[in-house]
Amino acid sequence: GVGVGLARESRFHGFVGQARSAGIWLLEPQTFMNRSGQSVRALAQFYRILPAEMLVVHDELDLLPGQMRLKFGGGLGGHNGLKEITAHLGTQGYWRLRVGIGHPGDRNEVINYVLKPPRREERDEIDAGLDRALATWPLLARGDFNAATQRINSKPKPPAAEPVEKEAP
């Protein structure tokens, strides 16, 4: 793994880190989600990063906790963070890693649901999904997005069942 420390950078409205060996910047905006585009644009303009070179990681209500989907461009699905980033970049042409968080079942509960931490079992599934996505970093770093997409978007294999010993008659 590539260990990267993040430090507050007021000009980028968030925490920023660089993995020099991998040639990447990491940004964790500290604005409200519906203002995250200003943070993304500030870093992109300063370091001349093109939208097609970006990977935005965001929560996704339409996927079960722990499911991940990597894709380039596409719709915004009503996600306020994506709407804001798209508005500031002037394009939907950037990579997204959709992190499944599940849906509360009632659209009136969505705001409360996304603002609360996930339940422990959901958190465990999300963490496992993020670990699977991070394992594809070498593919992403060398630009092999097709292979990374196949690995991330495939369903995780269920844990192997323990053999059941039969009792002697």
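The values are calculated or read from the model by the stated rules, or taken from the named source; none is laboratory data. All values reported here derive from a predicted model rather than from experimental measurement. Every residue, glycine as well, gets a Cβ built from its backbone with ideal geometry; the counts of neighbours run over all protein chains shown. Accessible surface is based on the protein model in full, side chains and every heavy atom, while ligands, DNA and RNA are left aside. Shrake-Rupley method; radii C 1.70, N 1.55, O 1.52, S 1.80 Å.
Could you grab the pairs with beta carbons closer than 7 Å, sequence gap of 6+ or different chains, first residue in the stretch 12-41 and of a type in the set (Asp, Glu), second one open to solvent by 70 Å² or more (accessible area, probe 1.4 Å)?
Every condition considered, the pairs that remain are 28/6.
Please count how many residues of the stretch 110-129 are open to solvent by less than 50 Å² (accessible area, probe 1.4 Å) and over 14 Å from residue 61 (Cβ atoms).
Residues flagged as open to solvent by less than 50 Å² (accessible area, probe 1.4 Å) and over 14 Å from residue 61 (Cβ atoms) within the stretch 110-129 amount to 2.
Can you find even one residue in the stretch 7-24 that is open to solvent by 80 Å² or more (accessible area, probe 1.4 Å), modelled with pLDDT of 90 or more and either of a type in the set (Gly, Ala, Ser) or in a strand (DSSP E or B) (or both)?
Scanning the stretch 7-24, I find at least one residue that is open to solvent by 80 Å² or more (accessible area, probe 1.4 Å), modelled with pLDDT of 90 or more and either of a type in the set (Gly, Ala, Ser) or in a strand (DSSP E or B) (or both), so the answer is yes.
For residue 52, are the conditions met, namely being under 25 Å from residue 132 (Cα atoms), open to solvent by 50 Å² or more (accessible area, probe 1.4 Å) and either touching a residue at least 40 places away in the same chain (Cβ under 8 Å) or not in a helix (DSSP H, G or I) (or both)?
Judged against the criteria, residue 52 is a match.
Just need a number here: residues in the stretch 75-103 that are surrounded by 15 or more Cβ atoms within 10 Å (Cβ to Cβ), in a loop (DSSP other than H, G, I, E, B) and not β-branched (Val, Ile, Thr).
6
Can you find even one residue in the stretch 64-80 that is among the hydrophobic types (A, V, I, L, M, F, W, C) and over 24 Å from residue 134 (Cβ atoms)?
yes
Which one is most open to solvent (accessible area, probe 1.4 Å), of the residues in the stretch 141-160 that are under 22 Å from residue 101 (Cβ atoms) and at pLDDT 85 or above?
It comes out as 151.
Take the stretch 62-97 and flag every residue that is among the polar types (S, T, N, Q) and within 21 Å of residue 39 (Cα to Cα).
Listed by number, the residues that qualify are 80, 86, 91, 92.
Go through (1) among the β-branched types (Val, Ile, Thr); (2) outside any strand (DSSP E or B); (3) within 14 Å of the chain's Cα centre (by Cα) one by one and return the number of the condition residue 57 breaks.
(2)
When you scan the stretch 86-134, how many residues do you find that are of a type in the set (Phe, Trp, Tyr) and under 14 Å from the mean Cα position of the chain (by Cα)?
Of the residues in the stretch 86-134, 2 are of a type in the set (Phe, Trp, Tyr) and under 14 Å from the mean Cα position of the chain (by Cα).
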